[in-house]
């Protein structure tokens, strides 16, 4: 009984795993039958949280929404600088407190209605008046005073303080004639009336999101007819689907998978310099926004000397080589090197190369004497330096690098208890300050404001551990002063100088250490699609761009080669099935003949 | 010298009888070639796992000291190739045996201990308390064990202890049912009644008569259960519910699948842990079957 139940469990597991391979292609086949024309099929492994433009915060959800909703300005393909979207031009007042946007004439929603300044004002005013509407992009409107639309093409935004993000407002503009009649917090109805190159026509949670070309799109309709995002539970399943020609574009590949695809003549790979960083945060004494201590972090980590020693004992180069297979950049400053204007690299005196001996002597000098078991003891609290390290369960980078960090810290007399935790639980625990060391990581934007804001005192939560997005619970008066300065500094060179000084403070205080900057590893079927527009260009991504250029540029390679390999797979499966059935039939027949022979005797 | 003469220094006739029975059982066991083979494999695997720190260098499984390349195929230096961090797969399989066997054995002991206690108590005492306990057993019996184990490890947090607890807590009901049936069978025999008539209390009946009567069955059941517990451990570790840095066969399969070894065609990373699980489970099953036929003459081959 017991055996059977565990066998049942194991076979359920197998079925669940193969569902990644089996169930989803079934959906694809349905798509192919239901839709006409060329389809770009994209495999995604992250689930879509919501397709409500006011709520969605996941990478995949926002990526799909960017293809369906045009924003006031968009990030240029070449260097991510602001360029006209719905707004043809924009003008700040001399005091930078009033911004006037001129909305493009002639642009139409996907249902044929004209896009006017009233739609823009409606969207912004909804965010100002409704808390739910501020869920995803509230940071942009926090300092706004009023939004008005004096005529059909003019939108005027008044802000309380100068704001540099006014030319890069990452806010989907929604049609007033649809959204004024529905509940803002509800899931939208499909097809969704939009303004981008594609229209979202169907969505099944954990299965697929289906988009079709927006013929009304003001830049001109895309060259493909449909765009499907198919959810795969497992990256290996997605890669196999790419090899079999069941999908056309995949991202988030592991280094091993990326290398394995090198020899395939039908597949083109794209190794993009990443805009994401992986960090290890060290609880520097978590506290609420009002300064009340919360959580149960180890008291010794309040000492910056200890945090610096930990940072110095971690070898980013080895992590890049061994864990990321070389497809990453060695960690340095807080802003990823892709955003070269604001990126800062520690040099000279500030550089902190991997050196366990130096870390050891720094800890000796700071009074952390080793106990009998080789683990150092905090002289202030008398507690041994035994830290919990929380990692995202199932995330390959975390799971592979944790044994390295545990080994390196053991060498400097720090014991690490690695805990694998589900994403939501990890967020909950870190937000409430219940951690010593934890993995984290953020995706940078061309404008560094949002990422810098994570390390300010104001981003610490309230007493319930809610109400803000803390990262490391860092709180430093100098850092906060510089943060306010950079937010209203419109001279890019001067602003970059301030941002670099902020990164120096983070580096010196070490509430976090950057482990690496991931490359984005992508691959697509070059027998079916011509090269995509990369952003930034060169060296950029196809998927998860700051805009929609990758999907918008999709061009079928030629009419001939489509689904050849998948039909041959079907042939092989049929042949295999026939062989198996024939063998079983032969066996049954042979047995029956023997049985009757026995009976005859 | 007033100390009393040591009375039971020379083994009495009971011991001689027991030794003879053991010898007979061993003789019967050795007649099962498959059982002997299984036992041999088990002894070898357990010896290798226990001696791993002596015969190999622990640095070889420390990622920060690994010297190999990423997913090197089998060759002269690494007989079974390397994993994604450059560690020898052979060494990992050897060290993985420690956790897999440890978890398998301790989870089985836990589940059999709970099962035996519940089984004997419900079989011996009867009454409403026992009925209640049996309904509880039935409740656990119909719960899907994998789902319950996953739920448990989510609540307690992943780790080796959690896996032991999860397997132990989910797999005891069948042992309880089995032991209860055997207890009822033993207690129906006349000598129990006689023992009661002579004034034997509950403790005496359970300790002297019922327990020895059910122990052989418990032993066989334990041997057979270890195999399934090892499979269960691998399943849970594969699902990421184990200690994230401990090396076990299940966690090796998990790392292989997470790092994309399937796509890379790195069979040497997937096959050895899978094969190791299969071989050890088979060995336990062979041993258990042979022991079963030793203890139950009806199963003996003619």
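Values in this text are rule-based calculations from the coordinates and carry no lab data. Here the structure is a predicted model, which is why all the values come from computation and not from measurement. For neighbour counting, all protein chains shown are included, and Cβ atoms are generated from backbone atoms with ideal geometry for every residue, glycine included.
Arrange the following residues from fewest to most other Cβ atoms within 10 Å of their Cβ: A:425, A:494, A:395.
Exposure proxy ranking, most exposed first: A:494, A:425, A:395.
When the Cα centres of region A:414-475 and region B:15-45 are compared, how far apart do they sit, in Å?
Region A:414-475 and region B:15-45 have Cα centres spaced 59 Å from each other.
When B:15, B:267, A:549 are ordered from fewest to most other Cβ atoms inside 10 Å of their Cβ, what list results?
Starting with the residue having the fewest Cβ neighbours, the order is B:15, B:267, A:549.
Can you give the FRET efficiency to the nearest 0.05 for residue B:113 and residue B:184, using r as the Cβ-Cβ distance and R₀ = 30 Å?
Rounded to the nearest 0.05, the efficiency is 0.90.
In region B:1-131, what is the volume of the convex hull around the alpha carbon atoms, normalised per residue and reported in Å³?
Taking only Cα atoms, region B:1-131 has a hull volume of 315 Å³ per residue.
Report, in whole Å, the centroid distance computed from the Cα atoms of region A:117-178 and region A:336-413.
If you average the Cα positions of each part, the centres end up 43 Å apart.
Of B:163, B:277, B:46, which is the most mobile in a GNM of chain B whose springs link Cα atoms less than 10 angstrom apart?
Comparing B:163, B:277, B:46 in the GNM, the peak value goes to B:46.
Testing the spin-label approximation: label points 7 Å from Cα along Cα→Cβ at residue B:23 and residue A:290. State their distance in nm.
8.4 nm
Obtain the nm distance between the two label points defined at residue B:44 and residue B:295 by a simple spin-label model: each point lies 7 Å from its Cα along the Cα-to-C-beta direction.
That separation, rounded to one decimal, is 2.7 nm.
Ignoring everything except DSSP H segments at least 4 long, calculate the 222 nm mean residue ellipticity for chain A; use -39,500 (n - 2.57) per segment, divide by total residues, nearest 500.
Roughly -10500 deg cm²/dmol at 222 nm, from the helical runs in chain A.
Once you've got the GNM for chain B with C-alpha springs shorter than 10 Å, pick whichever of B:93, B:169, B:61 has the biggest mean-square fluctuation.
B:61
For a footprinting-style exposure proxy, rank B:209, B:204, A:231 by other Cβ within 10 Å, fewest first.
Arranged by neighbour count, lowest to highest, B:209, B:204, A:231 become B:204, B:209, A:231.
Determine, from the Cβ-Cβ distance of residue A:351 and residue A:493 and an R0 of 22 Å, the FRET efficiency 1/(1 + (r/R0)^6), rounded to the nearest 0.05.
Efficiency at R0 = 22 Å is approximately 0.40.
Which whole-angstrom value gives the distance between the alpha carbon centres of region B:73-96 and region B:234-302?
Measuring centre to centre over Cα atoms gives 18 Å.
Quick check: the angle from helix B:249-258's long axis to the longest principal axis of chain B, C-alpha only, nearest 10 degrees?
With rounding to tens, the tilt is 30 degrees.
Sticking with the crude label model, points 7 Å out along Cα→Cβ, report the distance from residue A:364 to residue B:14 in nm, one decimal please.
6.5 nm
Once you keep just the Cα pairs under 8 angstrom separated by 6 or more residues, what percentage relative contact order results for region B:99-301?
Reported relative contact order: 27 percent.
R0 = 60 Å: FRET efficiency of residue A:581 with residue A:108, Cβ-based, nearest 0.05?
0.60
What full-extension length gain, to one decimal in nm, is calculated for residue A:458 and residue A:139 as 0.36 nm per residue of separation minus the Cα-Cα distance?
Here the segment from residue A:458 to residue A:139 would lengthen by 113.6 nm.
Taking a ≥ b ≥ c as the square roots of the eigenvalues of the Cα gyration tensor of chain A, is the shape rounded (a/c under 1.5), prolate (a/b larger than b/c) or oblate?
oblate
Treating the angle as unsigned and between 0 and 90°, give the value, to the nearest 10°, between the Cα long axis of helix B:160-187 and the longest Cα principal axis of chain B.
Rounded to the nearest ten degrees, it is 30.
Name the shape class, rounded, prolate or oblate, that the alpha-carbon gyration tensor gives for region B:102-228, where a ≥ b ≥ c are the square roots of its eigenvalues, rounded holds for a/c under 1.5, and otherwise prolate holds if a/b is larger than b/c and oblate otherwise.
prolate
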